[in-house]
1. I'd like to verify a number: residues in the range A:26-47 that are over 15 Å from A:Arg114 (Cα atoms), in contact with a helix residue (DSSP H, G or I) (Cβ under 9 Å, 6 or more places away or on another chain) and either hydrophobic (A, V, I, L, M, F, W, C) or open to solvent by 70 Å² or more (accessible area, probe 1.4 Å) (or both), how many?
2. Only one of these is open to solvent by 10 Å² or more (accessible area, probe 1.4 Å), closer than 29 Å to A:Arg232 by Cα and out of contact with any helix residue (DSSP H, G or I) (no Cβ under 7 Å at 6 or more places or on another chain): A:Leu346, A:Leu340. Name it.
3. Considering only the range B:90-173, give the helices (runs of 4 or more DSSP H) lying wholly within it that have at least 2 residues that are closer than 19 Å to B:Gly56 by Cβ.
4. It is to be established whether one or more residues within the range A:120-140 are open to solvent by less than 50 Å² (accessible area, probe 1.4 Å), among the polar types (S, T, N, Q) and modelled with pLDDT of 95 or more.
5. Could you check the range A:230-263 and list, in sequence order, the residues that are open to solvent by 30 Å² or more (accessible area, probe 1.4 Å) and either within 14 Å of B:Lys304 (Cα to Cα) or within 12 Å of chain B (Cβ to nearest Cβ) (or both)?
6. Exactly one condition in (1) under 21 Å from B:Leu295 (Cα atoms); (2) modelled with pLDDT of 90 or more is not met by B:Ser243; state its number.
7. Please work out which one of (1) free of Cβ contacts under 8 Å to residues at least 60 places away in the same chain; (2) touching a helix residue (DSSP H, G or I) at 6+ places or on another chain (Cβ under 9 Å); (3) not in a strand (DSSP E or B) is the condition A:Ser222 fails and give its number.
8. Can you list residue pairs whose Cβ atoms sit under 7 Å apart, with the first residue in the range A:403-428 being farther than 18 Å from A:Thr236 by Cβ and facing chain B (nearest Cβ under 10 Å) and the second being in a loop (DSSP other than H, G, I, E, B) and open to solvent by 10 Å² or more (accessible area, probe 1.4 Å)? Count only pairs 6 or more apart in sequence or on different chains.
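The values are calculated or read from the model by the stated rules, or taken from the named source; none is laboratory data. What you are looking at is a predicted structure, and each value in this text was computed from that prediction instead of being measured. No Cβ is skipped: glycine too gets one built from the backbone with ideal geometry, and neighbour counts run over all protein chains shown. Note: areas computed on protein heavy atoms with side chains; ligands, DNA, RNA excluded. Shrake-Rupley method; radii C 1.70, N 1.55, O 1.52, S 1.80 Å.
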Number of protein chains: 2
Amino acid sequence: MRTVVAKFGGTSLADAGQFQKIKCILEKDPSRRFIVASAPGKRFPDDIKVTDMLLGCYQHAKNGEDYEKDLNDIKNRFQDIIDALNVDFPLSNEIDIIRKHLSEEPDSQYMASRGEYLNSQILAAYLGFTFVDPAWCVCFNEDGSLDSAMTKRAMSAALRPLKNAVVAGFYGADSEGRIHTFSRGGSDVTGSLVASAIQADLYENWTDVSGLLAADPRIVDSPKSVEYLSYRELRTLSYMGASVLHTDAVLPASNLGIPINIRNTNSPDDPGTTIVRKLPEGKIKYPVVGVAGRLGMSVIQVEKVMVSDGSGFSAVMLDILRERNLPFEQCLTGIDTITLVIRSDLLETCKDELMEEIKTKLSPDYLGIKENLSMIAVVGERGTETSDANVKVLRALDEAGIEISTINQGAGKLNLLIGVPEERYRDAIRAIYASIDSSLNEAQ
Amino acid sequence: MRTVVAKFGGTSLADAGQFQKIKCILEKDPSRRFIVASAPGKRFPDDIKVTDMLLGCYQHAKNGEDYEKDLNDIKNRFQDIIDALNVDFPLSNEIDIIRKHLSEEPDSQYMASRGEYLNSQILAAYLGFTFVDPAWCVCFNEDGSLDSAMTKRAMSAALRPLKNAVVAGFYGADSEGRIHTFSRGGSDVTGSLVASAIQADLYENWTDVSGLLAADPRIVDSPKSVEYLSYRELRTLSYMGASVLHTDAVLPASNLGIPINIRNTNSPDDPGTTIVRKLPEGKIKYPVVGVAGRLGMSVIQVEKVMVSDGSGFSAVMLDILRERNLPFEQCLTGIDTITLVIRSDLLETCKDELMEEIKTKLSPDYLGIKENLSMIAVVGERGTETSDANVKVLRALDEAGIEISTINQGAGKLNLLIGVPEERYRDAIRAIYASIDSSLNEAQ
């Protein structure tokens, strides 16, 4: 029998009405056996997410301030759901346990995790599924990093005997039982770990959009959505800021080639976006899947005659960065030049020192820094088999009078990376989107 | 008074007729006071250069074979010039000295240098100039590297008292008096050292072409010649194989901002190409100066998810190359990828080992190598202020159906580096040249 892992995000679990939608979705396909649930998200734009309420409560407790009102508000969010769905769940007992924790030694990660913990139990009760607490099967090391091998084993052991289950997202625990959370959006990661542990056929990620859009809808008017893309393409788009899925959620699923399907709980008949290793037969792969970018970039330019004649120079440059633990986004060496793209915020405190060190260690003929740049990625594994898309993109930028600071396309040809001034970023995204519109792989 | 250093190449000194042309050139402008001379080059396509005759002679002596015929042929080449110009020069004595050297412990560098040594003395006698032997003023270290500071001092000391002189090109000596030569074409370097030592106003480099061509004439039909270009542009073109001037000849002149003028001995009224730091007033700088490329390149592609998130990965990669003393032509890091362009001949003996080391040290998700590539540089300091030239170039390659493996334009924006398959190299050069033809800075 096929097994599908379905992760539901915060807006998909914001209130009783959303719980009912989820029940319909699950009833429609009984292979959706393992559910990963987030804490209740926003019901309306100005609403507060339960996780934020919990952290506010923690802060008050930590400061020795009164937190009874916070606790009551949190309780009410869940009580509303329980009442509307007529679920049997001992909420008062659970709130008492949290109250006790707060009165002793309040811990922010423990508190942040309680939204998923409670919501998943309520959902499990509503669905008649088994609740699985990830404190037992998402295994963290003491330092807060994930122990992937241990997690896989424990998760597999916990889930395989079950017909179906709801696993709370976002957190786990170390061997001392101390709760650790992933970074925000981490329920995506839990979902991917569950899919990987039970070798699911499909990992569905249910959210409030009908898949990934080919461009940021705050910049481009109604961008097309993407039907299929590869893990690598998704990773590039995520890296560049297309925030549809937690970055760490890709690897566990992609390692096993498990397709990830981004779906919309509020529009469950939309096919959404599917992330695959290989396209299904009969599907056409369009050259470009999308465009995304990041602001706040700086470019350091080092020139020295004869750099190209030995491998030492660039290695020394990268050693300088490594010793400073300063990550860089791109490094381009050409004839006599090295160009480094680095996040401006990381340079803020060390820029002068770094420039001085480069001067001393490399004695460059020219050393310069350009700030307030943005980096744009035009992503598509097949977009660059011919140069057609590249030509379109560069021509569009040229016609829009946008100066390009760097152009980078490595042999992987997964993407074309272009640097443009920050103040032209939105224009650039629009110009590029318009130029590739016809090359886009649109969801039907 | 203005001082010009004029270096004459092998074909400019191949026979007596060429010597006469040089005399006319020098008489036309008496500021041409310091001459650097090569050995006699080819008089006709199938001719043998004197330096090659000398090396053949050395080889025979080294192997214990008879070299009297070689020595006689060499003597005849010079005797023809001496006789035709009616110069007083003790050629037989000089040949006896070489014969004595060969009978004792023949040295290839000493032998290779004798063409310049003899030719320069004959030219000096013909012109009535002082002969200066670079054995005293081009100072090498024992390891064969040039001692630039010592050379500058000795050269300046030797030349400043003189009204005019002919300096033999191509060689010098270490402190033991042992002769060392530059690599082939090294008389260009001598000329640049002379210009730098006496702080000349101009370094003329007389050859058999009317300056630098915007593309290889063996590939493109009658390419335009370039009137002005910058040292950096020249350096890039030279690096990419436009072999008009020895690579090491640029630095000494460019350090002092001495313009280098490439001229044609056989067409002395042509203005040739001038390499300058800054364009003279009133001259328009065209966006592109030329296109050149190199065959025999390989591209190594390393992919690993999350490479971009830390600076360590690329540094380790470059350390591997540095420890192997393996220079690379380009390094491009993008999101999750590193692309390295390395000369295929350098990989020949170590490819498998290198790939194995990368696998072990970096555990990449993907590691691949693409061979039989060429790298093309479209060069022009201003070519990339707008993207116009880039668009033209990429469109031209696209229309010619040429697959591009890498695109690299750093912040210096001096050039656009493009990788294409070797078998399409000539097509690519032609397509690019045609696309930029109208953007070229043409000598009038």
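1. Adding up the residues that qualify gives 5.
2. Unique residue meeting the criteria: A:Leu346.
3. B:91-103, B:108-127
4. yes
5. Hits for the range A:230-263 are A:Arg232, A:Gly241, A:Thr247, A:Asp248, A:Leu251, A:Asn255.
6. Result: B:Ser243 passes all but (2).
7. Among (1) free of Cβ contacts under 8 Å to residues at least 60 places away in the same chain; (2) touching a helix residue (DSSP H, G or I) at 6+ places or on another chain (Cβ under 9 Å); (3) not in a strand (DSSP E or B), A:Ser222 violates only (2).
8. Short answer, once both residue conditions are applied: A:Ser405/B:Ala411.
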